Amino acid sequence: MAKILLVDDDVEFGIAFSKILKSEGHKPAVALNTAEGLKTLGKEKFDIIFADLSMPGENGLVLLEKSKKGFPDIPVVMITAFGDWDVYAKAIEKGAVKFVNKPVKKEEIVQIIKDVLAP
């Protein structure tokens, strides 16, 4: 079982993502923006962060950068609905471990979690 934080402003996606995680025995938490995500990270220990790239206010790259400074051991997986190679390169440079494109399939999420948590 992993504790997984999703930071995404899409409420419906957050609900669906949480259901998938719970069905696989994981413990999800959802934050709707970068500030809320960082606040949640300060309160609990997480095994993985999934972060949407495009959010109002501080986007997923800002979350990635700040989370890596405060919580360098937590792997961050970026989620995006828009494929942009420049943004991918920036995110990898800042420490993202994987990318996933929306719409995300259950099998994809399950495999990413296994890959990221593999010793």
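The values are calculated or read from the model by the stated rules, or taken from the named source; none is laboratory data. None of the values given here were measured: they were computed from a predicted structure. Don't worry about glycine lacking a Cβ; one is built from the backbone with ideal geometry, like all the others, and counts go over all protein chains shown.
Residues of segment 81-107 being of a type in the set (D, E, K, R), surrounded by 13 or more Cβ atoms within 10 Å (Cβ to Cβ) and free of Cβ contacts under 8 Å to residues at least 24 places away in the same chain, which ones? Spell out the reasoning first.
Applying the first criterion (of a type in the set (D, E, K, R)) to segment 81-107 yields 84, 86, 90, 93-94, 98, 102, 105-107.
Okay, now just the ones that are also surrounded by 13 or more Cβ atoms within 10 Å (Cβ to Cβ), so 90, 94, 98, 102, 106.
K98, the sole residue that qualifies.
Residues in segment 73-86: is at least one modelled with pLDDT under 95, hydroxyl-bearing (S, T, Y) and closer than 26 Å to E107 by Cβ?
Yes.
Anything in segment 103-119 that is touching a strand residue (DSSP E or B) at 6+ places or on another chain (Cβ under 6 Å) and within 17 Å of V7 (Cα to Cα)? List them, or say none.
Within segment 103-119, just I112 meets the criteria.
Within segment 54-66, take every residue that is at pLDDT below 95 and under 15 Å from V30 (Cα atoms) and give me the one that is surrounded by the fewest Cβ atoms within 10 Å (Cβ to Cβ).
Filtering segment 54-66 for residues that are at pLDDT below 95 and under 15 Å from V30 (Cα atoms), the one surrounded by the fewest Cβ atoms within 10 Å (Cβ to Cβ) comes out as M55.
Answer yes or no as to whether A2 is small (G, A, S), over 12 Å from the mean Cα position of the chain (by Cα) and crowded, with 16+ Cβ neighbours inside 10 Å.
Numbers: small (G, A, S): yes; over 12 Å from the mean Cα position of the chain (by Cα): yes; crowded, with 16+ Cβ neighbours inside 10 Å: yes.
For A2, the condition - small (G, A, S), over 12 Å from the mean Cα position of the chain (by Cα) and crowded, with 16+ Cβ neighbours inside 10 Å - is met.
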